[in-house]
Amino acid sequence: MTTETSTETNPIDERKLNDLVGTSLVDLGATVHAALAVIGDELGLYAALDEAGPVTSAELAAETGTAERYVREWLRSQAAGGYVTYDPEADRYRLTPEQAYVLADEESPVFMPGAFQLVASAAKVGPELREAFRTGEGIGWHEHDEDVFHGTERFFGPSYGAYLIDWIESLDGTDAALRAGGRIVDVGCGHGAPTIRMAEAYPESTVVGVDYHEASIAVARERAESAGVADRVEFEVATARGYDGTDYDLVTMFNCFHDMGDPVGVAAHVRETLADDGAWMIVEPYAEDRVEDNLTPFGRLAYSISTVACTPNSLSQDVGYGLGAQAGEERTREVVTEAGFTRFRRAAETKTSLVFEARP
């Protein structure tokens, strides 16, 4: 008896094979690079490189109190990845303005070290995730490493600072209502970056941030004190289906609605707590409605994070809906209208975010 191998029955296309191997090598480099980007951020290597200008590895090591031989290898890896610029004639390294904006400016809306911190830390649940794949059980947000929470704040916080008020202004009449003195509740607030930004922008309004994760609420209160808005923003430990209050002019959810175990139930609770002319602003990762249209670099990132953190978090809760971070506009609309909302539209968007407005 003879058998044929899959290679014999399905001849390999050498070009496609080489392309896939090349992609794998890029991904292998990116995997290691993520860890080194975190080190560069934590040790202040990016910031020092930006401030010092073109430097040798010895000069950067002296500036940061690190060992030259490690710094030399780190700089070469960063230059190979396009994160650092190398001058071979002078044997010096620097950050271009674009590289500095991405890697050294913590106020930049495209500051990426926080994202590396988030992704590298989220991967630490590998053993639990493997077991979850076998059992179908979930992994709660609170079960992740503490750096996941800090990385989330550092990654998303600057973009909220840059775009948040524009997003609110895109809602029908909401900005004017808040400037006159309204009521805001930010659900799933985490460390409170957008909550605090709204308190700063609308001093006449009352702002409440809620999150079920007690440790994050403790950090949010500290952040509010540091920002000088603790007198007009409150933070409460509560779930998205159980937070208190009614007649809110604005309910916000930033990149967390897809994490909810029962998004329909959450949406129903939002509808109950909104004022009759209030608005619910839902910010979600950018996604098209069809899977094939999300097979992009950003889609890969979003689907991957959703596999590691978002979907497991949803599956850890009651109902376990598992909406996922690439649900798209129509799927989100279906969930929101199922809960009783009659108006739903895309109010704004960026390359990485969709901003929806829902009204009773």
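The values are calculated or read from the model by the stated rules, or taken from the named source; none is laboratory data. Given the structure is predicted, the values throughout are model-derived calculations rather than measurements. Cβ atoms come from the backbone with ideal geometry, glycine included; neighbour counts cover every protein chain shown.
General observations
- Condition met for T31 (within 23 Å of S304 (Cα to Cα), outside the structural domain of L301 (by TED's automatic domain parsing) and either in contact with an Asp or Glu (Cβ under 9 Å, 6 or more places away or on another chain) or among the polar types (S, T, N, Q) (or both)): yes
- Scanning the stretch 164-188 for residues that are surrounded by 20 or more Cβ atoms within 10 Å (Cβ to Cβ) and under 16 Å from E284 (Cα atoms) gives L164, W167, I168, L171, D186, V187, G188.
- From the options V355, V308, V283, residue that is of a type outside the set (S, T, N, Q), in contact with a helix residue (DSSP H, G or I) (Cβ under 9 Å, 6 or more places away or on another chain) and part of a helix (DSSP H, G or I): V308
- Across the stretch 193-205, a minimum of one residue is classified as among the acidic types (D, E) and in a helix (DSSP H, G or I).
- For the stretch 81-101, residues that are assigned to a helix (DSSP H, G or I) and surrounded by 17 or more Cβ atoms within 10 Å (Cβ to Cβ) total 3.
- With respect to the conditions (1) within 30 Å of A35 (Cα to Cα); (2) surrounded by fewer than 23 Cβ atoms within 10 Å (Cβ to Cβ); (3) in contact with a strand residue (DSSP E or B) (Cβ under 8 Å, 6 or more places away or on another chain); (4) at pLDDT 95 or above, S159 lacks only one, and its number is (4).
- Scanning the stretch 237-263 for residues that are surrounded by 17 or more Cβ atoms within 10 Å (Cβ to Cβ) and outside any loop (DSSP other than H, G, I, E, B) returns Y248, D249, L250, V251, T252, M253, F254, F257, H258, D259, P263.
- Residue in the stretch 19-27 that is in contact with a Ser or Thr (Cβ under 8 Å, 6 or more places away or on another chain) and either over 23 Å from T152 (Cα atoms) or modelled with pLDDT of 95 or more (or both) present: no
- Filter pass, G320 being in contact with a Ser or Thr (Cβ under 7 Å, 6 or more places away or on another chain), more than 22 Å from K351 (Cα to Cα) and surrounded by fewer than 20 Cβ atoms within 10 Å (Cβ to Cβ): yes
- D244 modelled with pLDDT of 95 or more, under 20 Å from R179 (Cα atoms) and charged (D, E, K, R): no
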